[in-house]
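Data block below; observations after.
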Amino acid sequence: MAEKSIIFLRGLRQSYGEFEALRGLDAEIEGGAIGLLGPNGAGKSTLLKTLLGLVPYDSGSVEMLGYKLPEDVFEIRQRIGYMPETEAVHPRLKAIDYVTYAGVMCGLPRKEAFQRAHDILHHVGLGDARYRRLETYSTGMKQRAKFAQALVHGPKLLFLDEPASGLDPRGREDMLGLITDVRSRGIHVVVSTHLLQDVERTCDHVFLMNAGKIVYNGPIDRLRRSEESTWLVEVKKDEERFKRILEDAGCTVDFSGFKLRVKVPEGEDGRFIFRKAIDRGFQIRHFTQSRLTLEMAFMELVQRDGRASGIVREEG
């Protein structure tokens with residue numbers, strides 16, 4: 001395992017009957033803040049459950065924080081925290097009892113777990129409500145309580161499954177702030193979410209899955225840099241004809257709103273597009289370098305993987 005890596009996967013396969021959910025994953029995931037992304041059915045939930053030791057895998061190997069699954073599952077669970085997407089709280093429990101119980105389950109003596117529960121509930125903004133039953137909590141408060149139980153035992157690695165799900169704008173900002181604060185304290189974080197903006201705000205690394213495979217595993221910045229040879233272009237008229245001209249010249253072209261998104265051939269730059277426009281008598285009205293957002297990169301990589309796999313998806 002590389003020195004910086006916190007998760008090491010080799011040939012990881014997991015199936016539900018005839019359906020193969022994880023199809024031979026090979027990856028090293030470095031520490032930091034990692035966004036786990038993928039469309040529905042990509043295998044994200046199965047991978048999370050496998051890493052947590054909740055479901056057995058068919059073949060391959062998993063190493064995490066220097067320990068192996070399944071033989072070191074209890075050592076691993078003492079060093080990781082998990083915030084599930086589901087409500088996962090007992091409505092009749094008080095928050096202090098809920099978080100204390102989580103600490104005890106992760107190996108803390110009860111007295112220490114009780115003290116740490118007080119501290120962490122204050123930290124997440126629930127200090128004044130720690131003796132209230134969870135059934136009286138708002139959605140945002142329940143999310144923070146789940147965050148607290150995942151953090152109470154001092155984990156080295158935190159798994160957060162849809163941490164901002166169902167939150168209003170203020171609650172979402174509070175949750176993103178807690179994630180950022182955890183990272184500043186040296187705790188590694190894996191955020192599984194469909195909210196790409198949250199990944200851009202909190203993560204520096206992306207692990208993108210599609211159809212049980214790894215599509216991308218690396219820094220967000222490197223993903224964005226793939227647009228360095230791509231420009232957004234608007235011409236005065238006849239965009240479809242100009243699109244065909246550029247494609248015949250070796251460009252990759254699609255529509256982005258009312259503009260053409262043009263990737264020029266290797267070794268060329270934006271002047272290539274201007275030369276084609278001048279040669280064919282087109283007037284360019286708008287010309288800027290494309291800035292690849294995480295959402296654009298996400299869609300492009302998933303679509304590219306689908307084409308490579310021979311998968312045809314309906315639009316809409």
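Here the contact order of segment 1-126, divided by its residue count and restricted to Cα pairs under 8 Å and six or more residues apart, works out to 19 percent.
Counting other Cβ atoms within 10 Å as a rough exposure proxy, the listed residues 195, 126 run 195, 126 from fewest neighbours to most. Going by neighbour counts of Cβ atoms within 10 Å, the residues 54, 160, 260 line up, fewest first, as 54, 260, 160.
Helical content alone sets the calculated 222 nm signal of the chain at -10500 deg cm²/dmol, taking -39,500 (n - 2.57) per DSSP H segment of four or more residues and averaging over every residue.
Site-free segments of the chain were taken between chymotrypsin sites (Phe, Trp or Tyr not before Pro) in DSSP loops having at most 13 other Cβ atoms within 10 Å, sites themselves excluded; the longest one is 1-130. Measuring r between the beta carbons of residue 4 and residue 73 and using R0 = 25 Å, the FRET efficiency lands at 0.60. Read through the labelled values (i) 17.7; (ii) 18.6; (iii) 19.7 and report the label of the one computed as mean projected area of the Cα convex hull in nm² from the structure. Derived directly from the coordinates: (iii). If R0 equals 45 Å, the separation of the Cβ atoms of residue 19 and residue 255 corresponds to a calculated FRET efficiency of about 0.80. Cross-linked pairs 49/111; 4/111; 44/111; 142/213; 111/146: Cα-Cα separations exceed 28 Å for 49/111; 4/111; 44/111; 142/213.
The residue list 267, 167, 293 was ranked by how far each Cα lies along the charge dipole of the chain toward its positive end, using unit charges on Cβ atoms, and 167 comes out on top. Placing +1 on the Cβ of every Lys and Arg and -1 on the Cβ of every Asp and Glu, with nothing else charged, gives the chain a dipole about its Cα centre of roughly 560 debye. Listed from fewest to most Cβ neighbours within 10 Å, the set 64, 105 follows the order 105, 64. Taking a ≥ b ≥ c as the square roots of the Cα gyration tensor eigenvalues, with a/c under 1.5 meaning rounded and otherwise prolate when a/b beats b/c, else oblate, which class fits segment 84-126? Taking the square roots of the gyration eigenvalues as a ≥ b ≥ c, segment 84-126 is oblate.
Relative contact order of the chain, taken over Cα pairs closer than 8 Å and 6 or more residues apart, is 18 percent. Of all segments of the chain bounded by trypsin sites (Lys or Arg not before Pro) found in a DSSP loop with no more than 13 other C-beta atoms within 10 Å, the longest spans 93-184.
Given axes a ≥ b ≥ c from the Cα gyration tensor, I'd like to know whether segment 228-294 is rounded (a/c under 1.5), prolate (a/b larger than b/c) or oblate. Note, shape of segment 228-294 comes out oblate.
Values quoted throughout were computed directly from the atomic coordinates according to the rules given, and no laboratory measurement underlies them. In this text, all values refer to a predicted model and were calculated from it rather than measured experimentally. All Cβ positions, even for glycine, are placed from backbone atoms using ideal geometry, and neighbour counts span all protein chains on display.
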